[in-house]
Amino acid sequence: MTHQVHAFEPPERFVAGTVGPPGERTFFLQARGGGRLVSVALEKVQVSLLAEKLEELLSEAQRRFGVELPESPVSVGDNDPLDNPVDEEFRVGTLGLAFDVDSATVVIEAIAAGEAEAEVELGDDEADEDDDEEPDEDLDRLRVRLTPEATREFIERARRVVNAGRPPCPLCGQPLDPAGHLCPRHNGYHR
């Protein structure tokens, strides 16, 4: 099976963004560079977790390797919408992070969801014991290499995008629709 590796080392722009109204948003990672534009779809929780883990990775790189880290950006930074056209290359199943000490850059790899992922989730250990290949080796992927400064900007934007959705109910924490919602803390009464 043929697979594509969309590599941007470094990209002109790498952002998390959404398409659609709150409650119906589709989340994307989008990379632009060298006349190419690649958008991959993922879940809101993946964007949130990616921002959190990137922050941890930067802290660990500073602690272990003495990497100079920029402060969190004070200004808003890149707040532009996603570039058009937003064509989904694939849906992300796995996200990988690494820190390259030689170039002092962060490597983010988004790997497409596939059949191999389902086998791993089911715990099929016997099938892959003798096989040295990674189960996702034949899946499409997006690979981006960012400086610590660009990583900080990505983290800040990703957090803004995640928090820009529907406000949470003050009682149960579930998202509030414009028309309200059936709150379990009010025994199902419309709130």
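The values are calculated or read from the model by the stated rules, or taken from the named source; none is laboratory data. Being a predicted model, the structure only gives us computed values, none of them experimental. Using ideal geometry, Cβ is built from the backbone for each residue, glycine included, and neighbour counts are taken over all protein chains shown. Just so you know, the surface numbers come from the protein's heavy atoms only, side chains and all, with ligands and any DNA or RNA stripped out. Shrake-Rupley method; radii C 1.70, N 1.55, O 1.52, S 1.80 Å.
Name the one entry in Glu56, Glu24, Glu60 that is part of a loop (DSSP other than H, G, I, E, B), of a type outside the set (S, T, N, Q) and without any contact (Cβ under 8 Å) to a residue 40 or more places away in the chain.
Numbers: Glu56 fails: part of a loop (DSSP other than H, G, I, E, B); Glu60 fails: part of a loop (DSSP other than H, G, I, E, B).
Sole residue among the options that is part of a loop (DSSP other than H, G, I, E, B), of a type outside the set (S, T, N, Q) and without any contact (Cβ under 8 Å) to a residue 40 or more places away in the chain: Glu24.
Quick check, is Gln46 touching an Asp or Glu at 6+ places or on another chain (Cβ under 8 Å), within 24 Å of Glu137 (Cα to Cα) and not aliphatic (A, V, I, L, M)? Steps first, answer last, please.
Values: touching an Asp or Glu at 6+ places or on another chain (Cβ under 8 Å): no; within 24 Å of Glu137 (Cα to Cα): yes; not aliphatic (A, V, I, L, M): yes.
In short, no.
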From Asp177, Asp140, which residue is open to solvent by 20 Å² or more (accessible area, probe 1.4 Å), touching a residue at least 60 places away in the same chain (Cβ under 8 Å) and touching a Phe, Trp or Tyr at 6+ places or on another chain (Cβ under 8 Å)?
-> Asp140
Are any of the residues in segment 166-174 touching a helix residue (DSSP H, G or I) at 6+ places or on another chain (Cβ under 7 Å) and either at pLDDT below 60 or open to solvent by 90 Å² or more (accessible area, probe 1.4 Å) (or both)?
-> no
Here is a list of conditions, (1) without any contact (Cβ under 8 Å) to a residue 40 or more places away in the chain; (2) under 19 Å from Ala104 (Cα atoms), and Val45 meets all of them except one; can you say which number that is?
-> (2)
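Please pick out the residue among Thr2, Thr18 that is of a type in the set (Val, Ile, Thr), under 30 Å from Ala179 (Cα atoms) and either out of contact with any His (no Cβ under 7 Å at 6 or more places or on another chain) or outside any loop (DSSP other than H, G, I, E, B) (or both). First the steps, then the outcome.
Working: Thr2 fails: under 30 Å from Ala179 (Cα atoms).
Exactly one of Thr2, Thr18 is of a type in the set (Val, Ile, Thr), under 30 Å from Ala179 (Cα atoms) and either out of contact with any His (no Cβ under 7 Å at 6 or more places or on another chain) or outside any loop (DSSP other than H, G, I, E, B) (or both), namely Thr18.
Return yes when Ala7 is under 17 Å from Arg145 (Cα atoms), in contact (Cβ under 8 Å) with a residue 24 or more places away in the chain, open to solvent by less than 20 Å² (accessible area, probe 1.4 Å) and not aromatic (Phe, Trp, Tyr) and no when it is not.
Working: under 17 Å from Arg145 (Cα atoms): yes; in contact (Cβ under 8 Å) with a residue 24 or more places away in the chain: yes; open to solvent by less than 20 Å² (accessible area, probe 1.4 Å): no; not aromatic (Phe, Trp, Tyr): yes.
Against the criterion (under 17 Å from Arg145 (Cα atoms), in contact (Cβ under 8 Å) with a residue 24 or more places away in the chain, open to solvent by less than 20 Å² (accessible area, probe 1.4 Å) and not aromatic (Phe, Trp, Tyr)), Ala7 does not qualify.
Condition check ((1) at pLDDT below 95; (2) of a type outside the set (Gly, Ala, Ser); (3) farther than 30 Å from Gln174 by Cβ) across all residues:
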site: Leu29; (1), (2), (3): no, yes, no
site: Val40; (1), (2), (3): no, yes, no
site: Val47; (1), (2), (3): no, yes, no
site: Arg64; (1), (2), (3): yes, yes, yes
site: Val67; (1), (2), (3): yes, yes, yes
site: Glu71; (1), (2), (3): yes, yes, yes
site: Val76; (1), (2), (3): yes, yes, no
site: Asn79; (1), (2), (3): yes, yes, no
Within segment 147-191, tally of residues that are part of a loop (DSSP other than H, G, I, E, B) and closer than 23 Å to Thr26 by Cα | 13
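Of Val19, Val15, Val5, which residue is closer than 14 Å to Val92 by Cα and of a type outside the set (Gly, Ala, Ser)?
Numbers: Val19 fails: closer than 14 Å to Val92 by Cα; Val15 fails: closer than 14 Å to Val92 by Cα.
Result of the check over Val19, Val15, Val5: Val5.
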Gly23 passes all but one of (1) at negative phi; (2) modelled with pLDDT under 95; which number fails?
-> (1)
Going by the conditions given, is Phe8 under 18 Å from Ile108 (Cβ atoms), aromatic (Phe, Trp, Tyr) and over 13 Å from the mean Cα position of the chain (by Cα)?
-> yes
